[in-house]
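Quick note: the coordinates plus some simple rules give every number you see, no bench work behind them. Owing to the predicted nature of the structure, the values given are computational and were not obtained by experimental measurement. When we count neighbours, we look across all protein chains shown, and the Cβ atoms used for this are built from the backbone with ideal geometry, even at glycine.
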Amino acid sequence: MKRLTSGWVTITLAVAVALPVFAGGTQQTGPLPARGNPQVTAVRLYVFDCGTLQVDPARFRLTKAEVATTNLSVPCFLVAHPKGRLMWDPGAVPDRDWTPTGGEVIHHLVLPDGGERDITLRRPLMTQLAGAGYSPAGITHLAFSHYHWDHTANANAFADATWLVRAVERDAMFAEKPPGVTRPSSYAALKGSRTIIIRSDEYDVFGDATVIMMAAPGHTPGHQVLYVKLPKTGGVVLSGDLYHFPESRTLKRVATFDFDQTQTPVARERIEAFLEKTGARLWIQHDYAGNTRLKKAPEYYE
Ligand SMILES: [Zn+2]
C-alpha cells in the first residue's frame, strides 16, 4: 500500500484550504455559500441518490423469478476524511442532460454502442452535494469502481480533483475506440486532470488505512471496490459491480457482459475473505432494496 506520488496530494490540499473570496470587497452577512470544504475530524460516508435503472435480469444470468426486483439502484458516494474528500462513482446521467421537476423523471439514454436504457432520476447530484455542504471545488479525489457509463456520468464536474485510476481502465477509456459501455463525453475533461495511476492491488487513499481501494477485476479489467473504515459504523465495502443483485451473491451468478468471466469469481472470493477477516459489511451498490434502507445525504455514516 505504497503511495506512489504523494506530491499530488500536497498540491490538492493546498487548493482545498484556499480562503473564501468576497465579491466586490463587501463581506457577506448571510450564511456563506457552500465552499465545498467542511472540515471533518473523523471519516464520514455520504450516500446520494443518482437514480434507478430498470433492467432485464437475464443480462445478469438471473431469471425474473429469482430476483426480488428488476430495479437497480444507482448511488453516488462521498467519503469525507480529515485530509480530503473522495467522490466515488459520480452517477449514471450527467446533471446537465436532464431537468429536475421535483418528482421522478424517466430519462431515456442511448449509449455509444446503440444500447438503450431507461433510468429514473429524482435530484441532480450537484444539488444533493450542495445540500450536504460540499461543492465540486472542494472534492480533492475522484475514483470510479469502473469505467461503465452508469459510474462516470458527472466526472467532468470533478476534473480539478486528483483522479485515482488503474492503468488498464484509463487506457481503455481514452483508447481510439473506447468500450461501447463507456460514455467518453462524460469523463473527457479528466484527460488533463492530476492523475495517480494505481499499480498496487490495494491503494490507501489518505495514508491512514481508513479508505482503501481494492482491485477486484473481472467486470472490467481494472474494476475495484472501496473499503471505508468508519469510527462508529465500522467497516463498509462499496461493491462497485462485483455483484449487481443480492441474488448475484447468494446464487453466485456472473453478469453476461463481464469482461473476464473467470476473473470475477476469483475477485469475489478475495473480497469475501476480506469481509470475513475484517467483519466489514458489503454494500452492493446496485442492490435496490439494500440501497433503500441506507441513510441519504445530507445524513451520513460516521
Ligand atoms: Zn453499474
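Things to note:
- Model label sites at residue 63 and residue 167, defined 7 Å from Cα along the beta-carbon direction, differ in position by 4.5 nm.
- Solution diffusion estimate, µm²/s, Stokes-Einstein, the range 45-105, Kirkwood Rh from C-alpha pairs, 37 °C, viscosity 0.692 mPa s: 235
- The Rg/Rh ratio for the chain is 0.95, where Rg is the radius of gyration of the alpha carbons and Rh is the Kirkwood radius.
- Residue-span extension gain [residue 200 to residue 106] - 0.36 nm each, minus C-alpha spacing: 29.9 nm
- Set of lysines with alpha-carbon distance to residue 296 below 25 Å, sequence-local pairs under 8 removed: 83, 229, 232
- Springs between Cα atoms under 10 Å define the GNM used for the chain, and in it the highest mean-square fluctuation of 108, 219, 81 occurs at 108.
- Mean projection of the Cα convex hull over all viewing directions, computed for the range 168-278: 8.4 nm².
- Computed packing ranks the peptides 245-252, 271-278 as 245-252, 271-278, most packed first, by mean other Cβ atoms within 10 Å.
- Where only DSSP H runs of four or more residues are counted, the chain gives -4500 deg cm²/dmol as its mean residue ellipticity at 222 nm, each run worth -39500 (n - 2.57).
- Folded to 0 to 90 degrees: helix 6-16 orientation relative to the chain principal axis, Cα: 60
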